[in-house]
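Please read the structure below before turning to the comments.
Every read-out reported here was derived from the displayed coordinates using simple, explicitly stated rules and does not represent laboratory data. As the structure is a prediction and not an experimental result, all values here were calculated from the model. Virtual Cβ from ideal backbone geometry, glycine too; neighbours counted across all protein chains shown.
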Amino acid sequence: MRLNYYQIKKNILRARKLVVKATTLAGSGHPGGSFSMAEILGCLFSKHLKFDPQNPQWEDRDRLVLSKGHAAPGLFSNMAVVGYFQESELDTLRKFGSRLQGHPDLKCPGVEFCGGSLGTGLSYSVGIALAAKLDSKDYHVYTIIGDGESDEGQIWEAAMTAAKYKVDNLTAFLDRNFIQQDSYTEQVMPLDEKLEGDDISEMWKDASRWKTGDKWRSFGWNVIEIAGHRVEQIDAAITKANTTKGVPTMIISRTVKGKSIEHMEDNPEWHGKAPDSDVVPIINLELDSQFMIAPSIIAGDMTHLENEIKRCISGRANYIHLDVMDGQFVPNKTFDHTKIKELRPLTIIPFDSHLMINEPVKHVRDYIDAGSDIITVHAEVTDEFSFGEIHDLLKQNQVSVGFAINPDTELPEWSYKFLPTIDQLIVMSVVPGKSGQKYIEGTHAKMARLNSVLKEHHFSGYIEADGGVNLENIGSIFADGARVFVGGGAIIGQQDVRIAIRDFRDMVLKSRRRILLDKAYEIGGIDLVNKWIGLHVVGEKQEQIKKIAQEAGYI
Ligand code: DX5
Ligand code: ZN
């Protein structure tokens, strides 16, 4: 089964917003640890867990044990997204009489474990996984433990037990966000190598120092180490864990506490504190402003595309943008699905296949089979019926649906009815056909027009900017509403792809910070601008944001 990338992303976003709403209304709760595990839970609930919200006690359901129970808002929000209860029930978080308390409780149908007494969830999980074996059931147990929680001796007792009894129907995740209640884990009780004198808020970025995996390996576990906010890595790790026999699996997930909200990220303060209601609109805008970088490999050496893929991997691209040209829809020819199939085993990074071909309806199946995660077809060569067919086929195959318009094409009226379920809209900012062309300035005005149509017709996907995107214009393209950025010449055409991608990200981040400051000013004037700046206390963020506010004339 393919990744269903955008659907998972959308569910994760919804869940994060619910966490913000619920903890704000409650005036307390644990957003930091809810956000560090957001992608893990999103991926489990959207794709891997077997469950039935109408029948929470279904015997054959998989069991999800949230051992780090304080992150309950993260669990409840996902349960709401998949239909265990109404999203509005999250408004009762931590209130008297609510099923949704500060820690998960069995009173709430679908909750498997009263988490909160840290250290106990893994032992409980070993028990229910063994019970499945005794009862000849084939359900799987997934457990999330925290890194602060790993200070508890009972975690290691459970580790020994699970290995001894070969509990291979248990997959645990370590939410390795490097922060526990009061401070960085490495200051309280190091799990990695001794790190005295380091800037600990920076150290997690250096993979050579991660030793936690060795501990679990030495206890006899199958260990998989991943970047815990990358949906495709989580997905692949779960798949691998489920096929590993004879040993339990630990997925060490390197995460960021408070992930997605800059002032919460990597800040121990946000372990257990709720946002103030006046900043919530700014936070929600920030959550809506996550972005992806998609290098286009045709801008590189067409005779060694394998090598271009490797450069994208080491540059930590979010997607790999694959420009398929057939020599008919556009004059050039690049490659077709056979090449994509050949490249597929090189990486699990989502393949973003942009089909610049005639009659895509006749070929789309081949591109699904080749392993594309997102497939985009052009408005100029589809109509209501052929696009409808493509749309349904992609959805059935868990492939994200993309629709593209050329610079001279307006969104056709027949496409409006598909807008709520289209995952990605490519707005071409060059005449398609080759990389290295200049961005067409009129695209900014087009985006403004488009935004109102998209809003009116409930588009909930992501806009991808394709053509002539570079460091000079990416900030304004982001401000126009684009959230995915294709980079041919400006990324793959550069010597160091990693630096090019990093620079792209930095420019978008700067633009995003400005937009958030504008929002703060719009709803709360200068006081809210100052409050927003004041929230950013980790590292250099505050100074950088101050500078942007000064340039904007706010302070
Ligand atoms: C244009 C393609 C683009 C292009 C991007 O036909 O769809 O993806 O290769 O390259 P740059 O960023 O160089 O315009
Ligand atoms: Zn493209």
Legend entry - Degrees between helix 121-134 axis and first principal axis of the chain (Cα, 0 to 90, nearest 10): 90
Inset, instruction - Project the alpha carbons of the range 220-306 onto their principal axes and report the range along each, largest first, in whole Å. - result: 50, 45, 17
Legend entry - Net charge dipole size for the range 8-275 [Lys, Arg +1 and Asp, Glu -1 on Cβ; Debye, nearest 20]: 760
Inset, instruction - Report the charge-dipole magnitude of the range 290-496 in Debye, nearest 20, computed about the Cα centre from +1 at each Lys and Arg Cβ and -1 at each Asp and Glu Cβ. - result: 400
Inset, instruction - Mind running the shape call on the range 280-402? Use the C-alpha gyration tensor, a ≥ b ≥ c as the square roots of the eigenvalues: rounded below 1.5 for a/c, prolate if a/b tops b/c, oblate otherwise. - result: oblate
Inset, instruction - Give the calculated FRET efficiency between SER476 and LYS455 to the nearest 0.05, with a Förster radius of 30 Å applied to their Cβ-Cβ distance. - result: 0.95
Inset, instruction - Mind checking the range 267-324 for trypsin sites (Lys or Arg not before Pro) that DSSP puts in a loop (not H, G, I, E or B) and that have at most 15 other Cβ atoms within 10 Å? - result: ARG316
Legend entry - 29 Å Cα-Cα threshold exceeded, pairs from LYS107/LYS133; LYS47/LYS333; LYS339/LYS434: LYS47/LYS333
Inset, instruction - Report the extension gain between ARG502 and MET302 in nm, rounded to one decimal, defined as 0.36 nm multiplied by the number of residues separating them, less their alpha carbon distance. - result: 69.6 nm
Inset, instruction - Can you tell me the alpha carbon radius of gyration of the chain divided by the globular rule-of-thumb value 2.2 N^0.38 Å? - result: 0.97
Inset, instruction - Can you grab the distance from the C-alpha centre of the range 484-555 to the C-alpha centre of the range 90-117, Å, no decimals? - result: 37
Legend entry - Rounded to 5, the percent of DSSP beta bridges in the chain classed as antiparallel: 5
Inset, instruction - Grab the DSSP H runs of the chain that are 4 residues or longer, score each as -39,500 (n - 2.57), total them, divide by all residues and round the 222 nm result to the nearest 500 deg cm²/dmol. - result: -12000 deg cm²/dmol
Legend entry - Ascending count of other beta-carbon atoms within 10 Å, so fewest first, for HIS378, HIS103: HIS103, HIS378
Legend entry - Dipole-positive endmost among ILE8, GLY436, ILE492 within the chain (Cβ charges, Cα centre): ILE8
Inset, instruction - In nm, give the distance between the simple-model label positions of ASP369 and SER136, each being 7 Å from the Cα along the Cα-to-Cβ direction. - result: 3.9
Inset, instruction - Run the dipole for the range 431-471 about the Cα centre, Lys and Arg Cβ at +1, Asp and Glu Cβ at -1, nothing else charged, and hand back the magnitude in debye, nearest 20. - result: 100
Legend entry - Extended-chain gain in nm, criterion 0.36 nm per residue less alpha-carbon gap, LYS438 and LYS362: 24.2 nm
Inset, instruction - Report the label-to-label distance for GLN328 and ASP206 in nanometres (one decimal), using points 7 Å from each Cα along the Cα→Cβ vector. - result: 5.6
Inset, instruction - Have a look at the DSSP beta bridges in the range 8-275 and tell me what percent are antiparallel, nearest 5. - result: 5
Legend entry - Three-way shape call for the range 8-275 based on the alpha-carbon gyration tensor, with the a/c threshold at 1.5: oblate
Inset, instruction - Treating the angle as unsigned and between 0 and 90°, give the value, to the nearest 10°, between the Cα long axis of helix 231-242 and the longest Cα principal axis of the chain. - result: 50
Inset, instruction - Just rank ILE298, ILE491, fewest to most, by other beta-carbon atoms within 10 angstrom. - result: ILE298, ILE491
Inset, instruction - With a cut-off of at most 13 other beta carbons within 10 Å, and DSSP calling the residue loop, which GluC sites (Glu not before Pro) in the range 376-448 qualify? Please list them. - result: GLU410, GLU441
Legend entry - Ascending count of other beta-carbon atoms within 10 Å, so fewest first, for HIS457, HIS321: HIS457, HIS321
Legend entry - Spatially proximal lysines relative to LYS547 (Cα-Cα < 22 Å; intrachain offsets below 8 disregarded): LYS510, LYS519, LYS531
Inset, instruction - Please work out whether the range 395-524 counts as rounded, prolate or oblate from its C-alpha gyration tensor, where a ≥ b ≥ c are the square roots of the eigenvalues and a/c under 1.5 means rounded, while otherwise a/b larger than b/c means prolate and anything else oblate? - result: oblate
